[in-house]
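Novice: Below you'll find the structure I mean.
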Amino acid sequence: MSPSVMFPSTFEDVAAAVRQAKSQGLDLSVRCGGHSTTIIASGLVIDLSRNLNSVTIDAENQLAYIQGGCRFSQVEQEAIKFGFAVPAGTVSDVGVGGLTTGGGYGWLSGEHGLTLDSLVSATVVLASGEIVEASATEHSDLFWGIRGGGSNFGIVVEFVFKLHSQRSNVYTT
């Protein structure tokens, strides 16, 4: 039997799907930006890429609010409108979730560190279906875990990144 695919529209939809999969004993997989494959033979795939893929730039506070289904190309396009960037990978079609939870080395890392170094907070759906905010001051162990520890700690439905100044004209040889 093929897995079922769910396209949540809200963070609560993700939490409800996690609780439902758990109550029915289903295998569960998450597709974020879609850069890599999601492989399960049966069960439920929660696909964030269709509906949970917005980027909001708070230029005044130099923060980017990025939903879990985004790719970095979306982030780059929005941030540069305000003269900002987030350190990302070397390929812009990589998903925000996978790159961030895996560390994130890219062109701006020499100046601004890894992608995870710019992460300020995250909204995470836990295996229990609870939605929590993780930061240096709230659920700090979880925050430490998602910053480079892979996607083993929950489903990150929103990332908040510190933005860095970036000129719009970049030249390479």
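Novice: For the chain, set up a Gaussian network in which alpha carbons nearer than 10 Å are linked by springs, and say which option among Ser118, Ser128, Ser92 fluctuates the most.
Specialist: Ser128
Novice: Please calculate the 1.4 Å probe accessible area of Glu76, with all protein chains present, and give it to the nearest 10 Å².
Specialist: Answer for Glu76: close to 80 Å² accessible.
Novice: What's the local net charge at Ser92, with K and R +1, D and E -1, over the other residues with C-beta under 13 Å away?
Specialist: -2
Novice: Additional query: Could you state the accessible area per residue of the chain in Å², with a 1.4 Å probe and every protein chain left in place?
Specialist: For the chain, the per-residue accessible area is 52 Å².
Novice: With N residues in the stretch 74-156, what two-decimal value do you get for its Cα radius of gyration over 2.2 N^0.38 Å?
Specialist: Normalised Cα radius of gyration, the stretch 74-156: 1.11.
Novice: A further question on this structure: Counting only C-alpha contacts under 8 Å and six or more residues apart, can you give the relative contact order of the chain as a whole percent?
Specialist: The value is 22 percent.
Novice: Counting only protein chains, not ligands or nucleic acids, how are Val75, Val91 ordered by accessible area (probe 1.4 Å), most first?
Specialist: Val91, Val75
Novice: Ignoring ligands, DNA and RNA, what percent of the accessible area of the chain is carbon or sulfur (1.4 Å)?
Specialist: Its accessible area is 50 percent carbon and sulfur atoms.
Novice: Order Phe143, Phe82 by their accessible area, 1.4 angstrom probe, all chains in place, largest first.
Specialist: Per-residue accessible area, sorted high to low, gives Phe82, Phe143.
The values are calculated or read from the model by the stated rules, or taken from the named source; none is laboratory data. Everything numeric here is computed off the predicted structure, so don't read it as measured data. Methodologically, a virtual Cβ is constructed for each residue, glycine included, from the backbone with ideal geometry; neighbour enumeration extends over all protein chains shown. Only protein heavy atoms, including side chains, enter the accessible area calculation; ligands, DNA and RNA are left aside. Shrake-Rupley method; radii C 1.70, N 1.55, O 1.52, S 1.80 Å.
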